[in-house]
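Each remark here refers to the structure printed beneath this line.
Derivation of every value follows stated rules applied to the coordinates shown; laboratory data play no part. Fair warning: this is a prediction, and the values are worked out from it, not measured in the lab.
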Amino acid sequence: MGKHGYLRMRTDREASDQIGSDLEELGAAARKLATHAIMLGSLGFGTTFLEWVASFAAIYLLVLDRTNWRTKILTGSLIPYIFFSLPSVLFNVFRGEVGKWIAFIAVILRLFFPRHFADWLEVPAALILLIVVAPSLFASTIRDSWVGVAICLVIACYLLQEHIRASGGFRNSFTQPHGISNTIGILILLVFPMWGLVIDFL
């Protein structure tokens, strides 16, 4: 009986040691999982936040150009930028029934009541029409991939280069009247696609 009792105690000790080491490994794996989840969550939040900021910066530049502060930047290129960077919540709202009604009313006004259709409404109406009628290849596949982010980066670089050229140099783009607001707005347009591409390739 002494030999059997010794073997049973040894087996129980080995089993408890194995369970203890398994629990330690499980705890380490849980800590790793929590660390990675927090890191990815913060990166995702950062991307979403920058997406909202970039979209509103593009809309701000669009409004700025349509008011008395006329600029020399090509605001037509802001439309595809907004298309590719608009947060999914707003994009889905405008792609649904709300956007269809807005596009329908805009087309009716433009066709039958052109005098009541203000010039400043043409670009927003074009954006809504683009969102509503875009094929799913652009609205889903390209928009949700790194290609859409790369298109935003190209547009932002082009706008910055054109703005600096029109201002007569980088220093002048910060010193001219209303130049600093345009420059900051365009620099914000650059931040989102650069961050998005870094996250996509991590």
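What to note about this one:
- Full extension of the chain between V93 and D144 yields a length gain of 16.7 nm, computed as 0.36 nm times the residue separation minus the alpha carbon distance.
- Estimated vicinal HN-Hα couplings, Hz - the stretch 124-130 in sequence order (Karplus 6.51, -1.76, 1.60; Gly, Pro = x): x, 5, 5, 4, 4, 4, 4
- Gained length - I199 relative to D119, 0.36 nm times residue gap less alpha-carbon distance: 24.9 nm
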